[in-house]
Structures are given as C-alpha cells and as structure tokens.
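A.B. asks: Below is one structure. I have some questions about it.
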Amino acid sequence: MRIALSTGGGDAPGLNAVIRAATLAAVRRGWEVVGIRDGFNGLVFPEQYPNGGLVPLDGETVRGIAHRGGTILGSTNRGNPCHYPVRQDDGSVVYEDRTDQLVALFREADIDVLVSIGGDGSLAIADRLGQAGLPVIGVPKTIDNDLDLTSVTFGFDTAVGIATELIDRVFTTATSHSRVFVVEVMGRYAGWIALSAGVASGVHAVLIPEIPFSLDPVAALIRRREERGSPYAVVVVAEGAMPADGHRAVLSTSIDQAERLGGIGEQVAHKLTEMTGRETRTTVLGHVVRGGVPSAQDRLLGSRFGAAAIRAIADGHDGVMVALHDAGVDYVPLGDAIGRMRTVPLDCDTIQTARDLGIVLGD
Ligand code: F6P
C-alpha cells in the first residue's frame, strides 16, 4: 500500500501532527507514505522542485514535527485542478477541469490512496478525485471551524487561544489610554473565532457574519461606559461581518474566484469615531492567529485525525472524512461534509452566553 498525504488551503496549527500520526500509523502497517508538496503542485509540476515533488515520509522524516506550526509539505490555496484558471491571450480567464489528468498522475506515481488534509476547498477537490476513481480519505482542517459534520476542526483551538491572548493585550493598552479599540479577526464567513475569543477575553461587543450589524447599540454602549467612568471599550469584529445596511469588506478576488476579506475593522472604527467622538483604533490580527506553535488540543486532535485516517484505509473505507463527535473520532461521507458551511447557530449557548454577559452583538 502506498499512501499520499496532501495539505491544501490556508495552513492551520496541527497540520504537522496529522502528517506525523498518519505516517507513523501507516509505517506500522508496513505501508509506504509520500507527501505531496504544496497541495497537488508536487505531483503536477514536479520539475519545479529540485528534490522532486513527492517527499518520502517515514519515522525519521516526521520526528519532532508535531509541535511545529505550518506544514512541512507546504500548501497552496490557488490553482484548483478541478476548476483550473488559464489566462487567455486576450486577458480573459477560462476554467479547465483537469481532474482526470490529476487522477492519472496519482496512478503513474503508484499511489493507492490519497489522504487529503484540508478545508472545504481542498476536500471538495478530494471528493471530485474520488468520484473520478481515486480512493480518498479527508481530514478536516481549518482555523475557521466552518466545516460541517465534525464538531470541531483542528487549528481552531490554537487560533482562538492566540486571538484571546492578543485581545487581552489590546485591553491593557485600551484601558491605559481610555481608548476604544476595534480588533479584526479572521474566520472567513463564520464568526467562530471572533465569538469564542471575544467571550473568552470579555470584550464589550462582538460583530459576526451571522448577525448583520448596526453600530447604534455599539455606540450607545461606548457612551454608557464613558458616563459610568469606564471610558474604554474593546470591540471584536470578524473579517466577514457586515453592516445590516451595507456589504462585506472584500479586499480583492483572486483568479480562483476566492474572496480575500479584510478592512471591516477600519470601517467600523471610522464610523464609531464619527458616532461617539471617541478616539477609536484598529488592530488587525490577520495571519498571526494561524501561525506558530499549535496548542496541545490541536496536536492531540491532529494526531487522532491522522491515525484515524489510516485506520479508515485499513478498515476498507473510501470517500469518507474523519470527524469528531461526542463519542470520539468516526467517519462521515466526504460528499456530505463539503459544500455546507457550518456557521454559528444563533441559538447556540455561546451566543446566549455573550448576551447574558452583556456583550453587544450589533442586533
Ligand atoms: O481559511 C483560513 C483563513 O485564514 C481565513 O480565516 C482567511 O479569510 C483566509 O484563510 C486568508 O487566506 P489567505 O492566507 O490566502 O490570505
């Protein structure tokens, strides 16, 4: 048995723990493991890699990597092979489906099963490859925690922990200078990171994509706090949040048609200054929340997912994603898990907790 591991999409803390666990679990069964560099690029464009686009993985190569951030294989969120952008001479872009060519490359490389470690984009590609005849197992990764059919993805715990620590730091300077701060955090179209870190650090307002917001209650809160002698406030805004009467802040759209979000923090700060007359500063946490050392939880979950992916193969599964549920790690059909974004349910207890704590949610 020859297994290929691929890490695709934005990196997330815990990726290396998955690579290590899957490798060790496969090697124990006498199987061979290779890692594909940069998503599928190592297979498609091997000439771009001086040492080849496939990295042999064994106990030696994965030693001591579980606590390292990023991915030793590299990653990319560009160049979807099932919807591959090709720029034409006239500047227009035509999208080609190269799924069958990619499956053929897997066959040429004698790869029996692909373990695809990724978010919804990478897992959708894996599902297409599966439909085209390649045995695949998915492993759910994303700091955004927006994948369906798993109670959590690895990477989320670290992102929330780092965001919480950084917001704590914003608090102390906000207090010292009696300032209002708006902290913008990643999370794409879901508010999991903003809500979790906001509640954990005890901020005064949290704006998430699931609740189109008005700034009136936020401005009223800032005024009330000033009257009460607490002239500082911290507002967390998810990058995908949008005003009820406006639209999402999109910085650019890539050739792959992916939106790059950002800028809502500055817009909110500007408006709050206008509405309250208070000096309002913006801090954008950005990629910092997904870099660096993974939390113990993410190392553990990554290890559990990586080992479970190999058990899935040993047990004859195909076309499934490993997932975490109350009873532990199990398998769900890959096709069911993709294409359905898991946003924050408005009746979940974390939202209720935020309301009970007096956190303004912009509604
Ligand atoms: O999906 C993870 C994530 O970090 C999102 O929170 C964010 O919107 C996006 O990736 C940023 O992508 P990039 O690294 O391509 O800017």
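The values are calculated or read from the model by the stated rules, or taken from the named source; none is laboratory data. Not measured: the values here are computed from a predicted model. A quick note on method: Cβ atoms are made from the backbone with ideal geometry, for glycine too, and the neighbour counts reach across all protein chains shown. Heads up: the accessible areas ignore ligands, DNA and RNA and are worked out on the full protein's heavy atoms, side chains in. Shrake-Rupley method; radii C 1.70, N 1.55, O 1.52, S 1.80 Å.
A.B. asks: On average, how much accessible surface per residue is there in the stretch 132-234, in Å², for a 1.4 Å probe, leaving out ligands, DNA and RNA? Each step should come with its number before you reach the end.
C.D. replies: Numbers: 3130 Å² over 103 residues.
With the other protein chains kept in place, the stretch 132-234 gives 30 Å² per residue.
A.B. asks: Share of the chain's accessible area from carbon and sulfur, percent, 1.4 Å? Working shown, then result.
C.D. replies: Details: 7460 of 15380 Å².
That fraction is 49 percent.
A.B. asks: Only bridges whose two residues both fall in the stretch 157-291 count here: according to DSSP, what percent of them are antiparallel, nearest 5? Working shown, then result.
C.D. replies: Working: 3 of 18 bridges.
Of those bridges, close to 15 percent are antiparallel.
A.B. asks: Heads up, I need the accessible area for Y331: 1.4 angstrom probe, whole protein in place, Å², nearest 10.
C.D. replies: Surface accessible to solvent at Y331 totals approximately 60 Å².
A.B. asks: Here's another thing I want to ask about it. Which of G362, G277, F156 sits farthest toward the positive end of the charge dipole of the chain, with +1 on the Cβ of Lys and Arg and -1 on the Cβ of Asp and Glu?
C.D. replies: Ranked along the dipole, the leading option is G277.
A.B. asks: A further question follows. Can you pull the Rg over Rh of the chain, Cα-only, Kirkwood?
C.D. replies: Numbers: Rg = 22.0 Å, Rh = 21.5 Å.
Ratio of gyration radius to Kirkwood radius for the chain: 1.02.
A.B. asks: Using the Cα centre of the stretch 157-291 as the reference point, and only Cβ charges (+1 on K/R, -1 on D/E), how large is the resulting charge dipole? Debye, rounded to the nearest 20. Please list the in-between numbers first.
C.D. replies: On the way: 13 positive and 15 negative charges, 63 e Å.
Value, rounded to 20: 300 debye.
A.B. asks: Based solely on its DSSP helices, what 222 nm [θ] is calculated for the chain when runs of n ≥ 4 H residues each add -39,500 (n - 2.57) and the sum is averaged over all residues, nearest 500 deg cm²/dmol? Walk me through the numbers on the way to the answer.
C.D. replies: Details: 11 runs with 128 residues, N = 363.
Taking each H run of at least 4 residues, the total per residue is -11000 deg cm²/dmol.
A.B. asks: On the first, second and third principal axes, largest extent first, how far apart are the outermost C-alpha atoms of the stretch 1-90 in Å?
C.D. replies: 53, 27, 24
A.B. asks: What percent antiparallel are the DSSP beta bridges of the chain, to the nearest 5? The partial results should precede the final answer.
C.D. replies: Details: 18 of 52 bridges.
Roughly 35 percent of the DSSP beta bridges within the chain come out antiparallel.
A.B. asks: Note down the magnitude of the dipole of the chain about its Cα centre, charges +1 on Lys and Arg C-beta and -1 on Asp and Glu C-beta and zero elsewhere, to the nearest 20 debye. Before the final figure, lay out the partial values.
C.D. replies: Numbers: 32 positive and 44 negative charges, 198 e Å.
The dipole magnitude comes to about 960 debye.
A.B. asks: Please list log₁₀ I(q)/I(0) at q = 0.28 Å⁻¹ for the stretch 216-268, using the Debye equation with identical point scatterers on the alpha-carbon positions.
C.D. replies: The Cα Debye sum returns log10 ratios of -1.07.
A.B. asks: Using the Kyte-Doolittle scale, find the helices of the chain whose mean hydropathy is at least -1.0 and whose Cα atoms extend 15 Å or more along the helix's long axis, counting only whole DSSP H runs. Intermediate values should be presented prior to the final figure.
C.D. replies: Values: long enough: 15-28 (20 Å, 1.16); 120-131 (16 Å, -0.08); 156-177 (31 Å, 0.42); 216-227 (16 Å, -0.79); 264-276 (18 Å, -0.25); 296-314 (27 Å, 0.43).
In the chain, the long hydrophobic H runs are 15-28, 120-131, 156-177, 216-227, 264-276, 296-314.
A.B. asks: Which whole-angstrom value gives the distance between the alpha carbon centres of the stretch 198-236 and the stretch 273-317?
C.D. replies: Using only Cα atoms, the two centres lie 25 Å from each other.
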